[in-house]
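First comes the structure, then the notes that go with it.
The values are calculated or read from the model by the stated rules, or taken from the named source; none is laboratory data. None of these values were measured; they are calculated from a predicted model. As a convention, Cβ positions derive from the backbone with ideal geometry for all residues, glycine included, and neighbour counts pool all protein chains shown. These accessible areas exclude ligands, DNA and RNA; they are computed on the full protein's heavy atoms, side chains included. Shrake-Rupley method; radii C 1.70, N 1.55, O 1.52, S 1.80 Å.
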Amino acid sequence: ETEKGELGEIQINNAHELIFKPYSNRLAIVLQHDLGQTEKAHEELLSYGLDKLPISPKSIYSGNIDEVVTVVQKEYAIVSAKKGDKKVANTFGLADCIGLTLYDKDNQVAAVAHIDGGTRVTDSVSSLLMDLANAGGQKYEARLFGGYKSSAKQFIDLITALNQGNVEIVEADILEKAQSRTIGISVRGDLYNNSFKDKDQSIGDRMRI
(Lines give C-alpha, C1' and ligand atoms only; values in the text may rest on other atoms or scores of the structure.)
Protein backbone atom coordinates (compact mmCIF):
# COMPACT_ATOMS: atom_id res chain seq x y z
CA GLU A 1 0.00 0.00 0.00
CA THR A 2 1.13 3.55 -0.73
CA GLU A 3 -0.02 6.82 0.85
CA LYS A 4 1.04 10.01 -0.96
CA GLY A 5 1.66 13.17 1.01
CA GLU A 6 3.00 16.65 0.36
CA LEU A 7 6.64 15.71 0.94
CA GLY A 8 6.79 12.10 -0.14
CA GLU A 9 5.23 8.64 -0.15
CA ILE A 10 4.73 6.23 2.74
CA GLN A 11 4.79 2.58 1.68
CA ILE A 12 4.04 -0.62 3.58
CA ASN A 13 6.16 -3.56 2.41
CA ASN A 14 5.51 -7.27 2.74
CA ALA A 15 6.98 -7.27 6.26
CA HIS A 16 4.43 -4.59 7.24
CA GLU A 17 7.23 -2.04 7.68
CA LEU A 18 6.62 1.63 6.99
CA ILE A 19 9.01 3.12 4.45
CA PHE A 20 9.12 6.86 3.71
CA LYS A 21 10.31 7.83 0.24
CA PRO A 22 10.73 11.60 -0.04
CA TYR A 23 10.12 13.43 -3.27
CA SER A 24 13.28 14.78 -4.87
CA ASN A 25 12.10 18.37 -4.30
CA ARG A 26 11.16 17.84 -0.64
CA LEU A 27 13.65 20.44 0.64
CA ALA A 28 12.35 23.03 -1.81
CA ILE A 29 8.78 22.37 -0.65
CA VAL A 30 9.76 22.80 3.03
CA LEU A 31 11.73 25.98 2.35
CA GLN A 32 8.89 27.46 0.32
CA HIS A 33 6.44 26.70 3.13
CA ASP A 34 8.70 28.27 5.75
CA LEU A 35 9.20 31.35 3.58
CA GLY A 36 5.46 31.71 3.13
CA GLN A 37 4.86 31.45 6.87
CA THR A 38 7.55 34.06 7.55
CA GLU A 39 6.09 36.49 5.02
CA LYS A 40 2.60 36.01 6.47
CA ALA A 41 3.82 36.68 10.03
CA HIS A 42 5.81 39.71 8.85
CA GLU A 43 2.76 41.23 7.16
CA GLU A 44 0.70 40.67 10.31
CA LEU A 45 3.38 42.29 12.47
CA LEU A 46 3.53 45.35 10.21
CA SER A 47 -0.25 45.72 10.48
CA TYR A 48 0.12 46.45 14.21
CA GLY A 49 1.60 49.86 13.41
CA LEU A 50 4.52 49.56 15.84
CA ASP A 51 6.68 51.56 13.43
CA LYS A 52 4.65 54.62 14.38
CA LEU A 53 5.82 54.48 18.00
CA PRO A 54 8.58 56.97 18.91
CA ILE A 55 12.13 55.69 19.36
CA SER A 56 13.62 57.12 22.53
CA PRO A 57 17.21 58.43 22.75
CA LYS A 58 19.82 56.17 24.34
CA SER A 59 22.96 57.09 26.24
CA ILE A 60 26.29 55.36 26.91
CA TYR A 61 26.66 53.55 30.20
CA SER A 62 29.97 54.25 31.89
CA GLY A 63 29.01 53.67 35.51
CA ASN A 64 29.86 51.04 38.11
CA ILE A 65 30.00 47.57 36.53
CA ASP A 66 29.37 46.05 39.96
CA GLU A 67 25.82 47.42 39.66
CA VAL A 68 25.24 45.72 36.29
CA VAL A 69 23.63 42.34 35.57
CA THR A 70 23.93 41.00 32.00
CA VAL A 71 21.65 38.43 30.39
CA VAL A 72 22.22 36.21 27.36
CA GLN A 73 19.79 34.22 25.20
CA LYS A 74 16.72 32.78 26.97
CA GLU A 75 17.48 34.78 30.13
CA TYR A 76 15.95 37.77 31.89
CA ALA A 77 17.01 39.89 34.84
CA ILE A 78 15.19 42.28 37.17
CA VAL A 79 16.73 45.25 38.99
CA SER A 80 15.10 47.33 41.71
CA ALA A 81 16.02 50.59 43.40
CA LYS A 82 14.79 49.17 46.72
CA LYS A 83 16.01 45.56 46.52
CA GLY A 84 19.49 44.25 45.79
CA ASP A 85 22.73 45.90 44.71
CA LYS A 86 22.15 45.63 40.95
CA LYS A 87 20.79 48.82 39.39
CA VAL A 88 21.26 48.20 35.64
CA ALA A 89 20.19 45.23 33.48
CA ASN A 90 21.43 44.77 29.92
CA THR A 91 21.85 42.37 27.03
CA PHE A 92 23.69 42.33 23.71
CA GLY A 93 23.88 40.55 20.34
CA LEU A 94 20.30 41.21 19.21
CA ALA A 95 20.57 39.98 15.63
CA ASP A 96 17.52 37.82 14.95
CA CYS A 97 16.93 37.74 18.72
CA ILE A 98 14.51 40.12 20.45
CA GLY A 99 15.34 42.39 23.36
CA LEU A 100 12.56 43.35 25.78
CA THR A 101 12.68 45.93 28.54
CA LEU A 102 9.95 46.48 31.12
CA TYR A 103 9.90 49.44 33.47
CA ASP A 104 7.75 50.55 36.39
CA LYS A 105 8.66 54.22 36.93
CA ASP A 106 6.61 54.60 40.13
CA ASN A 107 8.38 51.75 41.92
CA GLN A 108 11.70 51.98 40.01
CA VAL A 109 11.74 48.35 38.95
CA ALA A 110 13.20 47.38 35.56
CA ALA A 111 13.79 44.19 33.59
CA VAL A 112 15.60 43.04 30.45
CA ALA A 113 14.86 39.81 28.56
CA HIS A 114 16.74 38.24 25.64
CA ILE A 115 14.34 36.20 23.49
CA ASP A 116 15.66 33.83 20.84
CA GLY A 117 13.90 31.53 18.39
CA GLY A 118 13.68 28.72 20.94
CA THR A 119 12.19 30.79 23.77
CA ARG A 120 8.74 29.77 24.99
CA VAL A 121 7.47 33.32 24.88
CA THR A 122 4.10 33.00 26.64
CA ASP A 123 5.52 31.05 29.58
CA SER A 124 8.56 33.32 29.82
CA VAL A 125 6.53 36.54 29.90
CA SER A 126 4.19 35.09 32.50
CA SER A 127 7.16 34.11 34.68
CA LEU A 128 8.81 37.51 34.19
CA LEU A 129 5.66 39.40 35.23
CA MET A 130 5.31 37.25 38.35
CA ASP A 131 8.93 37.91 39.33
CA LEU A 132 8.48 41.63 38.66
CA ALA A 133 5.47 41.68 40.98
CA ASN A 134 7.54 39.94 43.67
CA ALA A 135 10.16 42.67 43.24
CA GLY A 136 7.54 45.35 43.84
CA GLY A 137 6.52 46.10 40.27
CA GLN A 138 2.93 46.91 39.35
CA LYS A 139 2.46 48.75 36.03
CA TYR A 140 5.00 48.54 33.23
CA GLU A 141 6.06 50.17 29.99
CA ALA A 142 7.47 47.73 27.44
CA ARG A 143 10.06 48.41 24.76
CA LEU A 144 10.99 45.99 21.97
CA PHE A 145 14.37 45.86 20.23
CA GLY A 146 16.23 43.97 17.52
CA GLY A 147 15.07 41.07 15.41
CA TYR A 148 14.71 40.52 11.68
CA LYS A 149 11.84 39.54 9.40
CA SER A 150 12.43 35.92 10.44
CA SER A 151 11.62 36.97 14.04
CA ALA A 152 8.10 38.15 13.17
CA LYS A 153 6.33 35.13 14.69
CA GLN A 154 8.23 35.58 17.97
CA PHE A 155 7.32 39.28 17.97
CA ILE A 156 3.63 38.44 17.49
CA ASP A 157 3.74 35.91 20.35
CA LEU A 158 5.49 38.48 22.54
CA ILE A 159 3.00 41.24 21.76
CA THR A 160 0.11 38.85 22.49
CA ALA A 161 1.64 37.85 25.83
CA LEU A 162 2.24 41.49 26.83
CA ASN A 163 -1.33 42.42 25.91
CA GLN A 164 -2.62 39.56 28.03
CA GLY A 165 -0.59 40.96 30.93
CA ASN A 166 -1.99 44.48 30.33
CA VAL A 167 1.48 45.79 29.54
CA GLU A 168 1.66 48.82 27.25
CA ILE A 169 4.24 48.82 24.45
CA VAL A 170 5.68 52.33 24.14
CA GLU A 171 8.61 51.73 21.79
CA ALA A 172 9.49 49.27 19.03
CA ASP A 173 12.97 49.69 17.54
CA ILE A 174 12.75 46.43 15.61
CA LEU A 175 13.39 44.46 12.40
CA GLU A 176 16.06 45.21 9.82
CA LYS A 177 16.16 48.95 10.57
CA ALA A 178 16.59 48.54 14.33
CA GLN A 179 19.11 51.02 15.72
CA SER A 180 19.75 49.18 19.00
CA ARG A 181 21.22 45.67 18.94
CA THR A 182 22.44 46.12 22.51
CA ILE A 183 20.11 47.44 25.21
CA GLY A 184 20.34 48.25 28.89
CA ILE A 185 18.01 49.91 31.38
CA SER A 186 18.53 51.31 34.87
CA VAL A 187 16.20 51.54 37.85
CA ARG A 188 15.76 55.22 36.92
CA GLY A 189 14.54 54.22 33.46
CA ASP A 190 17.73 55.36 31.69
CA LEU A 191 18.30 53.46 28.42
CA TYR A 192 21.73 52.49 27.07
CA ASN A 193 22.79 51.02 23.74
CA ASN A 194 26.54 50.63 24.12
CA SER A 195 28.14 47.23 24.68
CA PHE A 196 28.96 46.49 28.31
CA LYS A 197 28.86 43.35 30.48
CA ASP A 198 28.88 42.48 34.15
CA LYS A 199 31.80 40.68 35.80
CA ASP A 200 30.13 37.26 35.97
CA GLN A 201 32.63 34.76 34.50
CA SER A 202 29.82 32.37 33.55
CA ILE A 203 28.61 34.51 30.62
CA GLY A 204 30.70 32.62 28.06
CA ASP A 205 29.47 29.23 29.30
CA ARG A 206 25.85 30.42 29.36
CA MET A 207 26.16 31.67 25.79
CA ARG A 208 27.51 28.30 24.63
CA ILE A 209 24.70 26.46 26.43
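The table for this structure:
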| quantity | calculated |
| --- | --- |
| Number of positions in region 39-69 that are assigned to a helix (DSSP H, G or I), in contact (Cβ under 8 Å) with a residue 60 or more places away in the chain and either open to solvent by 90 Å² or more (accessible area, probe 1.4 Å) or polar (S, T, N, Q) (or both) | 1 |
| For Thr122: the one exception among (1) of a type in the set (Val, Ile, Thr); (2) assigned to a strand (DSSP E or B); (3) over 16 Å from Lys197 (Cα atoms) | (2) |
| Residue in region 90-102 that is open to solvent by 50 Å² or more (accessible area, probe 1.4 Å), in a strand (DSSP E or B) and either at pLDDT 95 or above or in contact with a helix residue (DSSP H, G or I) (Cβ under 8 Å, 6 or more places away or on another chain) (or both) present | no |
| Considering residues of region 70-86 that are among the hydrophobic types (A, V, I, L, M, F, W, C) and not in a loop (DSSP other than H, G, I, E, B) only, the residue farthest from the chain's Cα centre (by Cα) | Val79 |
| Answer from Arg143, Arg208, Arg188 - the residue that is open to solvent by 20 Å² or more (accessible area, probe 1.4 Å) and modelled with pLDDT under 95 | Arg208 |
| When residues of region 105-161 are limited to those that are touching a Lys or Arg at 6+ places or on another chain (Cβ under 9 Å) and of a type in the set (Val, Ile, Thr), the one farthest from Val69 (Cα to Cα) | Thr119 |
| Ser180 vs. criteria buried (at least 17 other Cβ atoms within 10 Å of the Cβ) and over 20 Å from Gly49 (Cα atoms) | no |
| Residues located in region 154-181, provided they are of a type in the set (S, T, N, Q) and outside any loop (DSSP other than H, G, I, E, B) | Gln154, Thr160, Asn163, Gln164 |
